[in-house]
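Undergrad: Quick one: this structure, given as C-alpha cells, is what I'll be asking you about.
The values are calculated or read from the model by the stated rules, or taken from the named source; none is laboratory data. Everything numeric in this text was worked out from a predicted model, so none of it was measured. All Cβ positions, glycine included, derive from the backbone under ideal geometry; neighbour counts span all protein chains shown.
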Amino acid sequence: MKRFVVCVSAVVWVGIIASCGEPASELDVIVPDVDYSDLEPGELVPNQYNIVLRPGYARNLSATGRYQYGPSVRSVAESLVGTYNNANIVGIYEHALEGFTLRMHATDAQALRYNPMILSIDQDRMVRLNGTQNNPPSWRIDRVDQENLPLSKSYSYNTTASNVHAYVMDTGLNASHNDFQGRVGDGFDAVGDGGGTTDNHGHGTHTAGTVGGATFGIAKGVIIHPVQVLDSQGSAPWSVIIKCL
C-alpha cells in the first residue's frame, strides 16, 4: 500500500509541473552570470531568484536524519530548469527551508509564481556590513552580567560553554588569533574566493571574539566554527547566506 501511495504522489507531482510548465519566455538568450562585486548594497541581483517550495511538495530530512518519501528538492529544481529557457541552478536548500535559487529570465520567474508548488519567489538582493563608527562608547562585558548600575568592574559567569559549538556567519575568522587557540572547529566557505574561511575583512573575527574570545568573549570556552558568507568587502547576495543555513 505504501508503494502505491508513493507512486500516486509522484504522478501528481509530475502532473503539476507539466500543467505549469509552459515557458513564459521563448527567448533564446542565455542568462548571463553575475559579478557580485559590481553590485551595491541593497541592489537586486539581475535575473536571480530565491524560491521557496510549499510544505509537502518535496521530501526533506526527517528527525531521524533519513529522507522522507517524495521528489527531492534538487529534482524539483532540475525539472523547472528543464522547462524554462536557459535557466540554471545557483543553489539548493533542504535544511532551514525547502527551496533553491535559480538564474532565469524575469518573464519566466513571473510565470513561475503561478505554479501551485511555489510558496514564494523573491529576487536575490545584495547585503553588506554596516559602516564603521569611530571611537564608539564601550560598555565592555562588565555590563552583561548585571542589571543594575553602577558597574561592578567585573564579569562573572558560571560556565565557559566548552560543550557549545558556535557557527559564526560572517567574513570568516583569523583562526591563528591567540583568543581562539585550540577552539576552532571545522568551517564552511560559501564565498569561494580561494581563501577558505580566512578573514580578509576583520568583522568576522571581531564577532567571533565577542561570542567566544578568551579576552572579550562572553562564552570563553565555546568552539568557534567560521562560516564565511561575506567577502572581503563585507558583501554577499541573500542566496549565499541562505545556502549556509
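Undergrad: Quick one: in region 144-179, of everything that is of a type outside the set (S, T, N, Q), at pLDDT below 95 and in contact with an Asp or Glu (Cβ under 9 Å, 6 or more places away or on another chain), which residue is surrounded by the most Cβ atoms within 10 Å (Cβ to Cβ)?
TA: Ranking the qualifying residues of region 144-179, first place goes to 155.
Undergrad: Another question about this same structure. On the basis of being closer than 27 Å to residue 127 by Cβ, out of contact with any helix residue (DSSP H, G or I) (no Cβ under 7 Å at 6 or more places or on another chain) and either at pLDDT 95 or above or surrounded by fewer than 17 Cβ atoms within 10 Å (Cβ to Cβ) (or both), does residue 182 make the cut?
TA: no
Undergrad: Here's a check for you: in region 79-138, which residue that is touching a Pro at 6+ places or on another chain (Cβ under 8 Å) and under 23 Å from residue 43 (Cβ atoms) is modelled with the lowest pLDDT?
TA: Filtering first and then ranking leaves 128.
Undergrad: With respect to residue 198, is the statement that it is of a type in the set (Ser, Thr, Tyr), under 25 Å from the mean Cα position of the chain (by Cα), under 20 Å from residue 223 (Cβ atoms) and crowded, with 17+ Cβ neighbours inside 10 Å true?
TA: Yes: the conditions hold for residue 198.
Undergrad: Show the residue pairs meeting these rules: Cβ distance below 7 Å; 6+ apart or different chains; first residue within region 85-107 and under 14 Å from residue 239 (Cα atoms) and of a type in the set (Lys, Arg); second residue part of a strand (DSSP E or B) and modelled with pLDDT of 90 or more.
TA: Listed by first residue and then by second, the contacts come to 103/47; 103/48; 103/88; 103/90.
Undergrad: Residue by residue through region 11-54, note down the ones that are modelled with pLDDT under 85, among the aliphatic types (A, V, I, L, M) and not in a helix (DSSP H, G or I).
TA: 24, 27, 29, 30, 31, 34
Undergrad: Further question on the same structure: Could you tell me whether residue 142 is part of a strand (DSSP E or B), more than 18 Å from residue 207 (Cβ to Cβ) and not small (Gly, Ala, Ser)?
TA: Judged against the criteria, residue 142 is not a match.
Undergrad: Filter region 166-218 for residues that are in a helix (DSSP H, G or I), more than 19 Å from residue 243 (Cα to Cα) and touching a residue at least 24 places away in the same chain (Cβ under 8 Å) and give the result.
TA: 178, 179, 180, 203, 205, 207, 208, 209, 211, 212, listed by residue number.
Undergrad: Now for a different question. Within region 55-73, restricting attention to residues that are out of contact with any helix residue (DSSP H, G or I) (no Cβ under 8 Å at 6 or more places or on another chain), of a type outside the set (Val, Ile, Thr) and at pLDDT 70 or above, which residue is surrounded by the fewest Cβ atoms within 10 Å (Cβ to Cβ)?
TA: It comes out as 55.
Undergrad: In region 74-118, what residues are of a type in the set (Val, Ile, Thr) and surrounded by 21 or more Cβ atoms within 10 Å (Cβ to Cβ)? Don't jump to the end; show me each part of the working.
TA: Residues of region 74-118 of a type in the set (Val, Ile, Thr): 76, 81, 83, 89-90, 92, 101, 107, 118.
If the condition is that a residue be of a type in the set (Val, Ile, Thr) and surrounded by 21 or more Cβ atoms within 10 Å (Cβ to Cβ), then 76, 90, 101 are the ones that fit.
Undergrad: Quick one: would you say residue 242 is touching a residue at least 12 places away in the same chain (Cβ under 8 Å), outside any strand (DSSP E or B), within 15 Å of the chain's Cα centre (by Cα) and more than 15 Å from residue 37 (Cβ to Cβ)?
TA: Yes: the conditions hold for residue 242.
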